[in-house]
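Before any comments, here is the structure.
The values are calculated or read from the model by the stated rules, or taken from the named source; none is laboratory data. What you are looking at is a predicted structure, and each value in this text was computed from that prediction instead of being measured. So basically every Cβ, Gly included, is an ideal-geometry build from the backbone, and we count neighbours across all protein chains shown. SASA here: full protein model, heavy atoms, side chains in, ligands and nucleic acids out. Shrake-Rupley method; radii C 1.70, N 1.55, O 1.52, S 1.80 Å.
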Amino acid sequence: MRWMKALEPVIGIEVHAELNTATKMFCGCKNDPNERHPNFNICPICMGHPGTLPVINEVAIEKVVLIGMALHGEIAKFSQFDRKQYFYPDLPKGYQISQYKHPIVQGGHLEIPNSKFLIPHSQFRTIRLTRIHLEEDAGRLLHAEDASLVDFNRAGVPLMELVTEPDVRTAEEARLFAEELRLHLRYTRVSDANLEKGQRRIEANISVHDAGEPYGTKVEVKNINSFRAVEKAIEYEIARQTALIEKGEKVAQETRGWDDEKEITVSQRKKESAHDYRYFPEPDLPPLQFSFEFLENVQKNLPELPADKRKRFSEEFGITEKTIEILISDKNFAGFFEESASELRSMLAETGKDEGVSRGTTLLMNYLTSDLMRLLNESSVGINDTRITPHSFAELMALITSGTVTSSVAKQVLDEMFRSGADAHAVVRDKNLSVIGNTEELSRAIEEVVKNSERAVSDYKNGKKEAMQFLIGSAMKALRGRGNPDTLKELFIKKLGN
């Protein structure tokens with residue numbers, strides 16, 4: 001057995017993301033990840049029939065350049081496609097058009113928080129990127145009990161591959177990197193990056209070594225299809241390699257697959273080297289040279305990125321990091337919040353009270369990240385698919401802030417708005433849900449509660465002040481949530497004394 005020393009893991013990440021273009025990479029076939037009919041979106045070009053010629057999809061090039069800019073990479077002055085030779089049943093041409101020596105993007109970096117529990121988020125780890133290149137995807141195999149079927153709908157779909165430097169040190173960091181990269185892919189609208197639909201695949205290159213010594217033998221782990229699996233697969237592989245080294249055995253350089261059910265990695269094949277693929281320049285496609293005008297036009301489409309949005313939300317709205325992460329996790333959700341907040345500020349500006357605007361914005365965030373999000377999750381719809389507009393949502397928040405409706409009633413109003421699409425004012429008016437301002441009506445409700453709550457009244461008079469909450473709750477129930485709790489408290493005190 002070797003002398004026991006601390007072993008350090010070294011991890012590099014490879015991410016494949018399908019680009020959300022209208023058509024495939026080198027032909028006019030539809031790029032539709034939702035197509036249910038196998039071998040429907042295919043043609044002689046993406047099937048590699050003899051005599052066919054590919055044509056480069058310019059939109060796919062623009063998308064890779066855009067994500068390269070977002071990740072601070074250097075856009076190559078010269079780039080070209082290469083043929084990557086290998087055999088697999090779902091590769092119709094017998095080779096893949098990819099990039100090797102001259103990728104579109106070189107270098108770059110992505111910052112991730114040191115930990116999901118990190119406070120503040122201003123402390124980040126920088127993960128350097130090696131390259132981002134563009135290639136075509138292969139088809140997919142469908143395995144039956146006694147046969148395997150090939151669906152070529154995905155063959156030829158534009159596929160971006162991003163490779164990091166071996167800067168990742170823990171399984172958690174790998175997951176955080178994958179999550180942050182997905183945000184960037186979605187914010188730039190480069191890819192929908194849906195792991196469940198196979199639009200994004202993650203691979204990890206993992207080795208362990210003695211601290212201060214050269215890196216160990218690298219093992220590639222494939223078939224990672226969720227953020228949870230990223231963390232689990234890397235944790236398992238680090239433990240497996242560590243156990244081998246501690247026993248004095250060698251780690252084999254190979255490709256292993258992640259078995260999600262058993263939560264183990266399994267050997268698949270000996271790891272290929274670049275020369276095994278016999279790369280050479282694709283003879284049917286011209287090299288790429290990007291003009292200043294082209295790059296300038298692409299850069300105009302660069303949106304506000306997650307890190308900038310985090311900082312601005314913190315400064316502009318003074319909200320917690322946990323709430324910020326919920327808001328920015330979906331670009332459309334963050335947009336709905338901003339538009340609603342802007343509408344609400346305009347509605348409350350007439351009062352001239354800063355505390356009203358501040359309270360209204362806090363209410364808006366709370367209702368958005370709890371009640372509205374609950375309705376969205378229960379209905380399995382996105383924020384852009386709801387009937388509630390940012391204006392009508394802000395309108396409801398203004399009604400709560402002004403005291404026109406109570407919080408308990410507001411939940412009823414929101415449910416009706418979500419169901420029917422009606423605006424807040426209409427729901428409150430039609431269902432008679434505004435706060436009762438008639439003191440006589442409130443007094444009658446209080447008389448009834450006092451009459452039917454002798455024990456609570458006695459407790460309150462004997463100094464148990466918490467009994468007041470029971471009395472107010474009973475009155476609110478009798479008034480169908482339409483009483484103002486502060487007003488009710490004043491009236492109860494007036495009737496029962498201090």
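Looking only at the range 125-153, how many residues end up being in contact (Cβ under 8 Å) with a residue 60 or more places away in the chain and either over 21 Å from E74 (Cα atoms) or of a type in the set (K, R) (or both)?
Residues flagged as in contact (Cβ under 8 Å) with a residue 60 or more places away in the chain and either over 21 Å from E74 (Cα atoms) or of a type in the set (K, R) (or both) within the range 125-153 amount to 8.
Determine if the range 161-172 includes at least one residue that is over 19 Å from the mean Cα position of the chain (by Cα) and either among the aliphatic types (A, V, I, L, M) or over 30 Å from S267 (Cα atoms) (or both).
Yes.
Since P283 meets every condition but one in (1) open to solvent by 30 Å² or more (accessible area, probe 1.4 Å); (2) within 30 Å of E179 (Cβ to Cβ), which condition does it not meet?
With respect to (1) open to solvent by 30 Å² or more (accessible area, probe 1.4 Å); (2) within 30 Å of E179 (Cβ to Cβ), P283 is out only on (2).
How many of the residues making up the range 48-60 are assigned to a loop (DSSP other than H, G, I, E, B) and charged (D, E, K, R)?
In the first step, residues of the range 48-60 are kept if they are assigned to a loop (DSSP other than H, G, I, E, B); the result is 48-57.
Narrowing further to those that are charged (D, E, K, R): none.
The number of residues fulfilling the criteria is 0.
With the structure loaded, tell me whether K218 is more than 30 Å from P50 (Cβ to Cβ), surrounded by fewer than 13 Cβ atoms within 10 Å (Cβ to Cβ) and touching a residue at least 24 places away in the same chain (Cβ under 8 Å) or whether it fails that test. Write out each step before concluding.
Numbers: more than 30 Å from P50 (Cβ to Cβ): yes; surrounded by fewer than 13 Cβ atoms within 10 Å (Cβ to Cβ): no; touching a residue at least 24 places away in the same chain (Cβ under 8 Å): yes.
Here the answer is no, as K218 does not meet what is asked.
Here is a list: P38, P44. Which entry is in contact (Cβ under 8 Å) with a residue 60 or more places away in the chain and either farther than 30 Å from R128 by Cβ or polar (S, T, N, Q) (or both)?
Details: P44 fails: in contact (Cβ under 8 Å) with a residue 60 or more places away in the chain.
After applying the criteria, what remains is P38.
Which of the following residues is within 31 Å of the chain's Cα centre (by Cα), buried (at least 17 other Cβ atoms within 10 Å of the Cβ) and touching a residue at least 24 places away in the same chain (Cβ under 8 Å): S207, S226?
Details: S226 fails: buried (at least 17 other Cβ atoms within 10 Å of the Cβ).
From the options S207, S226, the qualifying one is S207.
Which residues, taken from the range 240-280, are touching a strand residue (DSSP E or B) at 6+ places or on another chain (Cβ under 7 Å), open to solvent by 70 Å² or more (accessible area, probe 1.4 Å), farther than 14 Å from K218 by Cα and outside any loop (DSSP other than H, G, I, E, B)?
Answer for the range 240-280, where residues must be touching a strand residue (DSSP E or B) at 6+ places or on another chain (Cβ under 7 Å), open to solvent by 70 Å² or more (accessible area, probe 1.4 Å), farther than 14 Å from K218 by Cα and outside any loop (DSSP other than H, G, I, E, B): Q268, F280.
Would you check if A394 is part of a loop (DSSP other than H, G, I, E, B) and either modelled with pLDDT of 90 or more or within 21 Å of F337 (Cα to Cα) (or both)?
On the way: part of a loop (DSSP other than H, G, I, E, B): no; either modelled with pLDDT of 90 or more or within 21 Å of F337 (Cα to Cα) (or both): yes.
No: the conditions fail for A394.
For the range 310-328, does any single residue satisfy the condition of being closer than 21 Å to G421 by Cα, surrounded by fewer than 17 Cβ atoms within 10 Å (Cβ to Cβ) and in contact (Cβ under 8 Å) with a residue 24 or more places away in the chain?
Step one: filter the range 310-328 for residues closer than 21 Å to G421 by Cα, giving none.
Among the residues of the range 310-328, not one is closer than 21 Å to G421 by Cα, surrounded by fewer than 17 Cβ atoms within 10 Å (Cβ to Cβ) and in contact (Cβ under 8 Å) with a residue 24 or more places away in the chain, which makes the answer no.
Residue by residue, here is whether (1) under 25 Å from the mean Cα position of the chain (by Cα); (2) assigned to a strand (DSSP E or B); (3) of a type outside the set (D, E) holds:
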residue	(1), (2), (3)
V15	yes, yes, yes
D32	yes, no, no
N39	no, no, yes
C46	no, no, yes
K63	yes, no, yes
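Search the range 373-425 for residues being touching a residue at least 60 places away in the same chain (Cβ under 8 Å) and among the small types (G, A, S), and hand back the single one that is least open to solvent (accessible area, probe 1.4 Å).
G403
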